[in-house]
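Here is the structure we will look at.
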């Protein structure tokens, strides 16, 4: 699920979440490339997403496995729903742009 960096409705965090749903064992460099950011920025994205309860990461030797919590409630004021609702909405938005 790749997103165009210029899409104002999809944040870098949203892109990272969508990417990690498809690639839960992705390396940081792959997450950074998907979000169109540097690796250090991708690391901060992951830290914010984990702090918000949207994902967890488990180290497995040298690798990391990410679990996106689709049922986690959105924590931004004024938004309702879950992470899964958000990802469905941005996926629908991207699909409508292609048409």
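Restricted to the stretch 49-83, and to residues that are assigned to a helix (DSSP H, G or I) and either touching a residue at least 40 places away in the same chain (Cβ under 8 Å) or within 16 Å of residue 10 (Cα to Cα) (or both), which residue is farthest from the chain's Cα centre (by Cα)?
At the first step, the residues of the stretch 49-83 found to be assigned to a helix (DSSP H, G or I) are 49-51, 83.
Those left that are additionally either touching a residue at least 40 places away in the same chain (Cβ under 8 Å) or within 16 Å of residue 10 (Cα to Cα) (or both): 49, 83.
Details: 49: 8, 83: 9 Å.
So, considering only residues that are assigned to a helix (DSSP H, G or I) and either touching a residue at least 40 places away in the same chain (Cβ under 8 Å) or within 16 Å of residue 10 (Cα to Cα) (or both), the one farthest from the chain's Cα centre (by Cα) is 83.
What is the residue count in the stretch 51-68 for residues that are surrounded by 14 or more Cβ atoms within 10 Å (Cβ to Cβ) and out of contact with any strand residue (DSSP E or B) (no Cβ under 6 Å at 6 or more places or on another chain)? Can you show your working first?
The first filter runs over the stretch 51-68 and keeps only residues surrounded by 14 or more Cβ atoms within 10 Å (Cβ to Cβ), leaving 52, 54-55, 57, 64, 66, 68.
Those left that are additionally out of contact with any strand residue (DSSP E or B) (no Cβ under 6 Å at 6 or more places or on another chain): 52, 54.
Summing the residues that are surrounded by 14 or more Cβ atoms within 10 Å (Cβ to Cβ) and out of contact with any strand residue (DSSP E or B) (no Cβ under 6 Å at 6 or more places or on another chain) in the stretch 51-68 gives 2.
Pick from 24, 8: which is modelled with pLDDT of 95 or more and not in a strand (DSSP E or B)? Give the derivation first.
Numbers: 8 fails: modelled with pLDDT of 95 or more.
From the options 24, 8, the qualifying one is 24.
May I ask you to list the residues in the stretch 19-33 that are surrounded by 21 or more Cβ atoms within 10 Å (Cβ to Cβ) and touching a strand residue (DSSP E or B) at 6+ places or on another chain (Cβ under 8 Å)?
Correct list: 20 only.
The values are calculated or read from the model by the stated rules, or taken from the named source; none is laboratory data. Here the structure is a predicted model, which means the values were calculated and not measured. Glycine also receives a Cβ, built like all others from the backbone with ideal geometry; neighbour counts cover every protein chain displayed.
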